[in-house]
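*Asks:* My questions will all concern the structure given below.
The values are calculated or read from the model by the stated rules, or taken from the named source; none is laboratory data. Keep in mind the model is a prediction, meaning the values are calculated, not measured. Here the Cβ is made from the backbone with ideal geometry for all residues, glycine too, and neighbour counts use every protein chain on show.
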Amino acid sequence: MHCQPHDNHQVYIWLKNVQTCLLCDEQTDSILPICTACESELPWLIDQCERCALPLPISGLTCAQCTRQPPVFDKVIVPWLYDFPVDALVTRFKHQGKWPFGRLLAELLSQTLQYRFDEGFERPDALIPVPLANTRLRQRGYNQAAMIANWLASALKLPVNEQLIKRTKDTPAQQGLNAKARKRNLREAFVLMAPEHVVGKHIALIDDVLTTGSTAGTIARLLIRAGASRVDVYCLARTPKPEDTR
């Protein structure tokens, strides 16, 4: 049974005229369903680790964890802190099927990525969403990371491959686990279906929220061992203190 919804169906009216802001219900002044005031008040992540995007007091630094043990992935690109109202929007998209919120955040992420590409940041060869186990996919009915990846692919004209990585182990939910527990939870959880498709390729992993980076690191290691030249991570939000996750 294929549970993933068709990403080419409209999840809200996308007209090139006046929209209604999804956050405050006021009319917007852009083609996106968010007004300028609400967009400016989102928890934009400015000062961050150059490698993993962990929030830091000032920009241009690498966090202590990445200095001691650099992650397998090269770079994390993420627009926001996992803070209000982004945390509420992600939760409603991920757990309540409110796809318009996910579509809005993905469109804003695509703008961030396009800006980085225009500034010279290397475009990936393919987008790979973090997969869900089949049991959880049947329960939820969709993979939020795959939906984000397809929206980004459409906006940025990049290929997406939902079948390259499979989650073969139905592990407990990562939410609420600390970093060590997350790593134990992910042992042998993923398999690379077609290693020959990643040789020499720059891959971007897509997920909704980055917390400890354990999931991204596990998948990135698979890809690098198979011959990928580089793995980046694109996501909607970054939690501020992974070590505080219990």
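*Asks:* Which one is modelled with the highest pLDDT among residues in segment 1-35 that are among the β-branched types (Val, Ile, Thr) and loosely packed, with under 12 Cβ neighbours inside 10 Å? If you could, list the steps in order and put the result at the bottom.
*Replies:* Of segment 1-35, the ones among the β-branched types (Val, Ile, Thr) are 11, 13, 18, 20, 28, 31, 34.
Subset that is loosely packed, with under 12 Cβ neighbours inside 10 Å: 13, 18.
Working: 13: 52, 18: 65.
If we take residues in segment 1-35 being among the β-branched types (Val, Ile, Thr) and loosely packed, with under 12 Cβ neighbours inside 10 Å, then 18 is modelled with the highest pLDDT.
*Asks:* While we're on this one: If a residue has to be more than 18 Å from residue 201 (Cβ to Cβ) and among the basic types (Lys, Arg) to count, how many in segment 108-136 make the cut?
*Replies:* 2
*Asks:* Would you mind stating whether residue 187 is part of a loop (DSSP other than H, G, I, E, B) and either modelled with pLDDT of 95 or more or among the basic types (Lys, Arg) (or both)?
*Replies:* On the way: part of a loop (DSSP other than H, G, I, E, B): yes; either modelled with pLDDT of 95 or more or among the basic types (Lys, Arg) (or both): yes.
When the stated conditions are applied, residue 187 passes them.
*Asks:* In segment 46-70, which residues are in contact (Cβ under 8 Å) with a residue 12 or more places away in the chain, surrounded by fewer than 20 Cβ atoms within 10 Å (Cβ to Cβ) and either touching a Phe, Trp or Tyr at 6+ places or on another chain (Cβ under 6 Å) or not in a strand (DSSP E or B) (or both)?
*Replies:* Initial filter on segment 46-70 (in contact (Cβ under 8 Å) with a residue 12 or more places away in the chain): 46-55, 59, 61-63, 65-66, 70.
Retained after the next criterion (residues that are surrounded by fewer than 20 Cβ atoms within 10 Å (Cβ to Cβ)): 46-47, 50-51, 55, 59, 61-63, 65-66, 70.
46, 47, 50, 51, 59, 62, 63, 65, 66, 70 - these are the residues of segment 46-70 that are in contact (Cβ under 8 Å) with a residue 12 or more places away in the chain, surrounded by fewer than 20 Cβ atoms within 10 Å (Cβ to Cβ) and either touching a Phe, Trp or Tyr at 6+ places or on another chain (Cβ under 6 Å) or not in a strand (DSSP E or B) (or both).
*Asks:* So the check is Cβ under 6 Å with 6+ separation or different chains; which pairs have a first residue in segment 133-156 that's over 13 Å from residue 102 (Cβ atoms) and a second one that's among the aliphatic types (A, V, I, L, M) and outside any helix (DSSP H, G or I)?
*Replies:* That search, which allows pairs on different chains as well, returns 153/127; 153/160.
*Asks:* Something else now. Is it fair to say residue 132 is closer than 29 Å to residue 227 by Cβ and assigned to a helix (DSSP H, G or I)?
*Replies:* no
For every residue, the table says whether it meets (1) assigned to a helix (DSSP H, G or I); (2) at pLDDT below 95; (3) more than 20 Å from residue 209 (Cα to Cα).
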| position | (1), (2), (3) |
| --- | --- |
| 92 | yes, no, no |
| 106 | yes, no, no |
| 109 | yes, no, no |
| 114 | yes, no, no |
| 127 | no, no, no |
| 163 | no, yes, yes |
| 169 | no, yes, yes |
| 174 | no, yes, no |
